[in-house]
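The values are calculated or read from the model by the stated rules, or taken from the named source; none is laboratory data. No experiment lies behind these values; they were computed from the predicted model shown. No Cβ is skipped: glycine too gets one built from the backbone with ideal geometry, and neighbour counts run over all protein chains shown. Ligands, DNA and RNA are excluded from the accessible area calculation, which covers all protein heavy atoms including side chains. Shrake-Rupley method; radii C 1.70, N 1.55, O 1.52, S 1.80 Å.
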Amino acid sequence: MDLTLGVILGLHCPVYRGLEAALARAADLGCEAMQMLPYRRHDPPTTEECAAFDKARRASSVKRLFIHSRFVPSLASSDSARRMRSMGHLASELRLAAALGGEAYVLHGGAYSVGSSFDEGLRFFKESVTRATAEAGVKVPIYLENVPGGGRRMGGTLEELAKLVEACPGASACLDTAHAWAAGYPLSTAEGMLKFLSLAHRLLGADTVKLFHLNDTRALLGSNRENHAHWGKGFLGTESLKTLLGRDEYANVVGIIEPPLGPAEDDRASLAFVRRLTARAS
Ligand SMILES: [Zn+2]
Ligand SMILES: [Zn+2]
């Protein structure tokens, strides 16, 4: 149990041994929050499995649950058939998130099509999310996440993320530190992190950032590449993370570590790294 004030710490847990094994991993590691991609191979859990998981999770020490999107990459595509498919998937993923008891659903912007533009992609994205949300008929808020950026991928910059959030009524933001670094924000120093957070504050507003993905990374700055690392093994390190954890405005915001897939002991070390800084920062 994390008794210090500050960001509420959680873990992205793999579900290849089942949903309840993922929950056990988060609980065993003392996490108050968890995130998961709730698919084994490509199959979503059944209604009964969702209900059993929801019950077990509510009885556990893991009080906050976030569901990450999986099958919705083409919400901004110019191809209407692909867009329709992604809308259908988004509606069912939102219903799945509700059935599992998720407090929010994390979504990437995806990419606009060749020959299109960010602005046109944004219009398609807005329409897709609006229609899918109405079709889903559940009240699970969407958190839009910044991505490593590059090419036609939307949401690499905070300016783009702010436009995506604004386009989706009721949406909030999730900031991933590894993605921001890959998109070119120099977060490895306290100063770089402060600048990034100040810009996020200005563009997104004080209460819009509801979730952090607290990831270290081995990708190069501005490389647009994803290469999550355990804390202490990547380029971001202590000063940067301490700066984020020390901010009063994020005292009730959840920070999820999305570690490289591996044994629970590696996750434990990453969590311990962050917890030490949380204790010092508060
Ligand atoms: Zn993500
Ligand atoms: Zn992330």
Just checking, does the stretch 58-65 include any residue being within 30 Å of Thr278 (Cα to Cα), in contact with a Gly (Cβ under 6 Å, 6 or more places away or on another chain) and open to solvent by less than 20 Å² (accessible area, probe 1.4 Å)?
yes
Selection from the stretch 41-57 of residues closer than 14 Å to Gly102 by Cα, under 21 Å from the mean Cα position of the chain (by Cα) and charged (D, E, K, R) yields Asp54, Arg57
Can you find even one residue in the stretch 112-127 that is closer than 25 Å to Ser198 by Cβ and more than 16 Å from ligand 1 (Cβ to nearest atom)?
yes
If Ala132 meets every condition in (1) open to solvent by less than 10 Å² (accessible area, probe 1.4 Å); (2) of a type outside the set (D, E, K, R); (3) closer than 20 Å to His213 by Cα apart from one, which number is that one?
(3)
Quick check on the stretch 208-258: of everything there that is within 16 Å of ligand 1 (Cβ to nearest atom) and among the acidic types (Asp, Glu), which residue is most open to solvent (accessible area, probe 1.4 Å)?
Glu226
Residue set Leu241, Leu261, Leu221; condition over 15 Å from the mean Cα position of the chain (by Cα), of a type in the set (A, V, I, L, M) and farther than 17 Å from Met193 by Cβ; output residue Leu261
What residue, of His68, His108, is within 16 Å of ligand 2 (Cβ to nearest atom), open to solvent by 30 Å² or more (accessible area, probe 1.4 Å) and touching a residue at least 40 places away in the same chain (Cβ under 8 Å)?
His108
Test Ala51 against the stated conditions and say whether it is open to solvent by 50 Å² or more (accessible area, probe 1.4 Å) and either more than 16 Å from ligand 1 (Cβ to nearest atom) or part of a helix (DSSP H, G or I) (or both).
yes
Among the residues that make up the stretch 153-172, is at least one of them among the charged types (D, E, K, R) and either within 16 Å of ligand 1 (Cβ to nearest atom) or buried (at least 24 other Cβ atoms within 10 Å of the Cβ) (or both)?
yes
I'm trying to understand the selection: among the residues of the stretch 1-36, which are at pLDDT below 95 and among the polar types (S, T, N, Q)?
Thr4
